[in-house]
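Structure first, commentary second.
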Amino acid sequence: MQAIDKRIRAGLILFWALYFSIVWLSNTADALKTLSILPTNWPFVSGNYTLIVRVLAIYQSPAWLAGVFFGGVILWEALGAIYFWKAFSAVTRQTLTQSASIHQAFGITIGLWAAFILADEVFLAYMLGSLSTTHYLLLLSELASFILIRQLD
């Protein structure tokens, strides 16, 4: 593999590691603010908890369900971030496990977007505007990254 291909591969994996780390941090801050652990004027929050509450409102879901869903999403994002950092480490060190690490990271996070898209359908979230579009675009972006990385093998 050429040096430029290695840098492109590492750069894409680094991007997704940073992306999922930032999303995890902003969602975690949102959860902590919702639980009144962070002050109400804390600026770095995703606003996704409120969005989940709005999406679940179509079925008059109990308030605790939004917390369960949001907690699950936060854990899933943390797992994705961890696996992308693991893949980044494997790629930069050129280990024998780099291919498996890449597949694990993308598998976990592509699964997250798939779950979001299914939830969008169940809860009619596409009626909220760009939410479903965002999930589809993130799925397609990850798939494009994965395909490009596989082509660089």
Filter pass, Gly111 being modelled with pLDDT of 95 or more, open to solvent by less than 30 Å² (accessible area, probe 1.4 Å) and of a type in the set (Gly, Ala, Ser) = yes
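Just for the range 136-153: of the residues that are assigned to a helix (DSSP H, G or I) and touching a residue at least 40 places away in the same chain (Cβ under 8 Å), which one is most open to solvent (accessible area, probe 1.4 Å)? Before the answer, list the steps.
First, the residues of the range 136-153 that are assigned to a helix (DSSP H, G or I): 136-151.
Pick out the ones that are also touching a residue at least 40 places away in the same chain (Cβ under 8 Å) and you get 142, 145-146, 148-149.
Numbers: Glu142: 0, Ser145: 14, Phe146: 46, Leu148: 78, Ile149: 2 Å².
Residue satisfying both the conditions and the ranking: Leu148.
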Considering (1) at pLDDT 95 or above; (2) assigned to a helix (DSSP H, G or I); (3) open to solvent by 70 Å² or more (accessible area, probe 1.4 Å), say which one Ile37 fails and leave the rest.
-> (2)
Which numbered condition Phe88 misses (of (1) in a helix (DSSP H, G or I); (2) free of Cβ contacts under 8 Å to residues at least 60 places away in the same chain) = (2)
Those residues of the range 97-108 that are over 17 Å from Gly11 (Cα atoms) and open to solvent by less than 40 Å² (accessible area, probe 1.4 Å) come to a total of 1
Enumerate the pairs (first residue in the range 33-55 and over 25 Å from Thr134 (Cα atoms); second residue anywhere and open to solvent by less than 100 Å² (accessible area, probe 1.4 Å) and not in a helix (DSSP H, G or I)) with beta-carbon separation below 6 Å, excluding pairs fewer than 6 apart on the same chain, so at least 6 apart or on different chains.
-> none
Any idea how many residues of the range 56-69 are open to solvent by 100 Å² or more (accessible area, probe 1.4 Å) and either in contact (Cβ under 8 Å) with a residue 40 or more places away in the chain or touching a strand residue (DSSP E or B) at 6+ places or on another chain (Cβ under 7 Å) (or both)?
-> 1
Within the range 81-96, identify whether any single residue is open to solvent by less than 40 Å² (accessible area, probe 1.4 Å), closer than 18 Å to Leu14 by Cβ and aromatic (Phe, Trp, Tyr), and answer yes or no.
-> yes
From Thr133, Thr109, which residue is free of Cβ contacts under 8 Å to residues at least 24 places away in the same chain and either within 23 Å of Val53 (Cα to Cα) or assigned to a helix (DSSP H, G or I) (or both)?
-> Thr133
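The values are calculated or read from the model by the stated rules, or taken from the named source; none is laboratory data. Note that the structure is a prediction, hence the values are computed from the model and not measured. All Cβ positions, glycine included, derive from the backbone under ideal geometry; neighbour counts span all protein chains shown. What goes into the accessible areas is simple: the full protein's heavy atoms, side chains included, and nothing from ligands, DNA or RNA. Shrake-Rupley method; radii C 1.70, N 1.55, O 1.52, S 1.80 Å.
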